[in-house]
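A.B. asks: One structure, pasted below without further comment.
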Amino acid sequence: MTNSNSAAQQIIDAVGGAENVRTLTHCATRLRFELRDASKVDQDTVENVDGVMGAVPQSGDRYQVIIGGTVATVYNDIMHLPSMSNKSQSDEDVKAAARAGGVRGKNELVNNFFEYLSDSFRPILGVLLATSLVIAFASIMEACNVQNFHADNKPGGWVLIDAMWRSVFYFLPLMIAYNASNKLKVDPWLGTAVMASLITPNFISLMLPDGVNGTVCTINEALNKQTCTADVFGMRMQLDDYGGNVFLPLIMPPILALLYHGLKKVIPGNLQMVFVPFLCLIVMVPVSAFLLGPVSVWVGNGLGQFFLWMNTNAPFVFAIIIPLVYPFLVPLGLHWPLNAMMLMNINNLGYDFIQGPMGVWNFACFGATAGVLILSIRDKDKNMRQTATGALLAGLLGGISEPSLYGIHLRNKGIYPRMLTGCAVGGVVIAVLSQLFTGHNGDPSGVTTSAFAFTSLLTIPVFKPIWIYIISIAASFFTAMFMILIFDYRPRSQGGRPMINVPFLNKGAEAEAAAKEEAAKAAAAKPAAKPAAAKIELHTDSIASPVAGKVLPLEETGDETFAQRILGEGVAVEPSEGIFTAPVSGELTTVAGSKHAFGIKTDDGVEILVHIGIDTVQLNGKGFVTNLKVGDKVNKGDKLADADLNLIKEAGYKTITAVTVTNTKKLVKKAGANISPLTGKDVKAGDAIIRISR
């Protein structure tokens, strides 16, 4: 039994105590907590526990603590704590309890709702970004008087360029319906077919008065949009052009899922292929046309009119609130409803007014990252420099804030106050300039755009007035950056020191420097320290690929734990076959119960992790075959496991395999090792993918 001072007890205390733990499981490297209240977690304390390599908050009240190859030992120590009895559950137990409504309760409903929104949009963010760049290009051409891409009569080439982005926005409901149905385990093509029925030329033709269907149309003055009704089976049906609508493809799939899964329970298996989709179509198309479609339009119009009213009547408040709340919405996944509103604004109004203020927050985020990068260069902090460089490029060129947020900002609590200052300054600038120079002569208030744009340097041309937008994002970027440089983002006790010394802001810095000088003199007067321990002698000079495939950087795994090198330096391999072999000779220190991960320690102390797939621990061993156990000796090239790559992909998981040197820091410090990934090439099993030199 572990005592109260053990790492196990420290971890439990730091996550809020045993009473805050609903369930605890583990995979090959991480403890996976389901907490009652994630706000009780002391992140700094968790990350400073001896043996903890990092910690990653998840959606809702889920929390992961990265341990590495000794995770099973730490897990067992935790489960032997008297306070932790009955806290262990398998993933299937957790899911079953959740389905029974006894474990997660209301929080699970909220978590699932935002996961549903996120997974409905995330797969198409790439094409949305691509279309915003196409519109940015067209905007530049228009600004240079090359071509007015808003004109009705354009040359064929410009019509083709128009089609590149209009296709995405018009057929956006089909893409969302596909993703949403897939998330709810409904045949995604069935959800797509239901949605597609309402944007076919046949359905849209009902909005043309022809004397047959008694179509009547009116104009919504607030939105300047036509609304029609037609006589269908003796009932009045509201008609709308659902092209670009995002609420209907989000509302319809949950109703479809209830019907779909209900039918699969009562229809014999040999008849399901035909009759389940048939009955779903004949029920859901009318339900969507008569009920869900009009409801989605009413909801979208109502929310749109509210935000439009706020932007028109309180533009100053609106422009400041948006950038100040976004830094808290994005990490929690709560920004998706606002993203949906942006798309609805573009569909209903032809422009959106939320993305301009949102850009202020994004550039404050990137400015803070730039400040961290400059400090890391000064401090010769290689790891932070690499992380910040990648995050800054992803932000400035792609408009993606997650690498900055999860890789840097949320791990250093001193960054948020500095970044929020940038958000506030940028918000005030965009509010003041918008109040003075927009909203006149019938023009919209604020900074607007006709595209769903990831706010990056490349998409600046899609915003109007462009000069207000540029000044606002520059103010937020440089304010956040200089706040980091002036105050640092780390406490002085952890090595924080300003790069820009402003006397009235950094008062006491000189006194602190003097105190350090005195401390250095006192230390010099002490007897010499004991000689450092002998360095490790390394004989291992390379790590082999465990499988044939393409070697990629760890960032390509899509897993922040690997991408941030929390589990050490290494590479990712996209496997082309399912036979995995030992990359080195040594002793197995870890064999995951789910058979997807293996830890090997060589005779000279190099510790290697082979992690097959991402989140494949959820498969509980399904698709993996191995006869090895902890303590077995393996030679380089011996088979570790067989993996069914098709089964893994069909279950929705990535097959990309991480190979890392988990004791990288120790080898660098005590052996002077240089661990170099050999990426960007195709390899066979046994080819070198990591070089170790001294």
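A.B. asks: Would you say residue 244 is farther than 28 Å from residue 338 by Cβ and either surrounded by fewer than 19 Cβ atoms within 10 Å (Cβ to Cβ) or not aromatic (Phe, Trp, Tyr) (or both)?
C.D. replies: no
A.B. asks: Another question, if that's okay. Which residues, taken from the range 398-419, are at pLDDT below 85, more than 24 Å from residue 460 (Cβ to Cβ) and open to solvent by 30 Å² or more (accessible area, probe 1.4 Å)?
C.D. replies: Those that are at pLDDT below 85, more than 24 Å from residue 460 (Cβ to Cβ) and open to solvent by 30 Å² or more (accessible area, probe 1.4 Å): 406, 410, 411, 412, 413.
A.B. asks: Mind counting the residues in the range 28-45 that are buried (at least 21 other Cβ atoms within 10 Å of the Cβ) and among the hydrophobic types (A, V, I, L, M, F, W, C)?
C.D. replies: Residues flagged as buried (at least 21 other Cβ atoms within 10 Å of the Cβ) and among the hydrophobic types (A, V, I, L, M, F, W, C) within the range 28-45 amount to 4.
A.B. asks: While we're looking at this one, here's another question. Could you figure out which of (1) surrounded by 11 or more Cβ atoms within 10 Å (Cβ to Cβ); (2) at pLDDT 70 or above isn't true of residue 506?
C.D. replies: (2)
A.B. asks: Now, a different point. Please give the number of the condition residue 655 fails out of (1) among the polar types (S, T, N, Q); (2) surrounded by 16 or more Cβ atoms within 10 Å (Cβ to Cβ); (3) out of contact with any Lys or Arg (no Cβ under 9 Å at 6 or more places or on another chain); (4) closer than 19 Å to residue 571 by Cα.
C.D. replies: Going through the list (1) among the polar types (S, T, N, Q); (2) surrounded by 16 or more Cβ atoms within 10 Å (Cβ to Cβ); (3) out of contact with any Lys or Arg (no Cβ under 9 Å at 6 or more places or on another chain); (4) closer than 19 Å to residue 571 by Cα, residue 655 breaks only (3).
A.B. asks: Within the range 591-606, is there a residue that is at pLDDT 90 or above and hydroxyl-bearing (Ser, Thr, Tyr)?
C.D. replies: Looking through the range 591-606, at least one residue is at pLDDT 90 or above and hydroxyl-bearing (Ser, Thr, Tyr).
A.B. asks: Return a yes/no flag: does the range 608-624 have any residue that is farther than 19 Å from residue 649 by Cα and surrounded by fewer than 24 Cβ atoms within 10 Å (Cβ to Cβ).
C.D. replies: no
A.B. asks: Looking at 324, 375, 343, can you tell me which residue is of a type in the set (A, V, I, L, M, F, W, C), touching a helix residue (DSSP H, G or I) at 6+ places or on another chain (Cβ under 8 Å), assigned to a helix (DSSP H, G or I) and open to solvent by 10 Å² or more (accessible area, probe 1.4 Å)?
C.D. replies: Only one candidate qualifies: 324.
A.B. asks: Within the range 544-591, take every residue that is among the β-branched types (Val, Ile, Thr) and closer than 16 Å to residue 690 by Cβ and give me the one that is surrounded by the fewest Cβ atoms within 10 Å (Cβ to Cβ).
C.D. replies: Residue satisfying both the conditions and the ranking: 581.
A.B. asks: Could you tell me how many of the residues in the range 672-684 are farther than 11 Å from residue 550 by Cα, surrounded by 18 or more Cβ atoms within 10 Å (Cβ to Cβ) and out of contact with any Asp or Glu (no Cβ under 6 Å at 6 or more places or on another chain)?
C.D. replies: Matching residues across the range 672-684 total 2.
A.B. asks: Name every residue in the range 137-162 that is open to solvent by less than 50 Å² (accessible area, probe 1.4 Å) and either modelled with pLDDT of 75 or more or under 19 Å from residue 452 (Cα atoms) (or both), in order of residue number.
C.D. replies: 138, 139, 141, 142, 147, 149, 154, 157, 158, 161, 162
A.B. asks: Still on this structure: With under 29 Å from residue 308 (Cα atoms) and either modelled with pLDDT of 85 or more or among the hydroxyl-bearing types (Ser, Thr, Tyr) (or both) as the only criterion, which of 188, 253, 268 stands out?
C.D. replies: Only one candidate passes the filter, namely 253.
A.B. asks: So is residue 602 under 21 Å from residue 72 (Cβ atoms) and hydroxyl-bearing (Ser, Thr, Tyr) or not?
C.D. replies: yes
A.B. asks: Here's something else I'd like to know. Go through the residues of the range 454-463 one by one and say whether even a single one is without any contact (Cβ under 8 Å) to a residue 12 or more places away in the chain and more than 23 Å from residue 321 (Cβ to Cβ). So that I can check it myself, show each step before the final result.
C.D. replies: Keep residues of the range 454-463 that are without any contact (Cβ under 8 Å) to a residue 12 or more places away in the chain, which gives none.
No - not one qualifying residue is present in the range 454-463.
A.B. asks: In the list 496, 446, 442, which residue meets the criterion of being farther than 19 Å from residue 366 by Cα, modelled with pLDDT under 85, open to solvent by less than 50 Å² (accessible area, probe 1.4 Å) and in a loop (DSSP other than H, G, I, E, B)?
C.D. replies: 496
A.B. asks: Follow-up. Give the residues of the range 55-75 that are assigned to a helix (DSSP H, G or I) and modelled with pLDDT under 80, sorted by residue number.
C.D. replies: Those that are assigned to a helix (DSSP H, G or I) and modelled with pLDDT under 80: 71, 72.
A.B. asks: For residue 284, state whether it is modelled with pLDDT of 85 or more, part of a helix (DSSP H, G or I) and open to solvent by 60 Å² or more (accessible area, probe 1.4 Å).
C.D. replies: So residue 284 does not fit the description; no.
A.B. asks: If residue 573 satisfies all but one of (1) part of a loop (DSSP other than H, G, I, E, B); (2) at pLDDT 95 or above, what's the number of the condition it fails?
C.D. replies: Of the numbered conditions (1) part of a loop (DSSP other than H, G, I, E, B); (2) at pLDDT 95 or above, the odd one out for residue 573 is (1).
The values are calculated or read from the model by the stated rules, or taken from the named source; none is laboratory data. Given the structure is predicted, the values throughout are model-derived calculations rather than measurements. Heads up, the Cβs are rebuilt from the backbone with ideal geometry, glycines too, and the neighbour counts pull from every protein chain shown. Quick note on the areas: whole protein, heavy atoms, side chains included, nothing else; ligands and nucleic acids left out. Shrake-Rupley method; radii C 1.70, N 1.55, O 1.52, S 1.80 Å.
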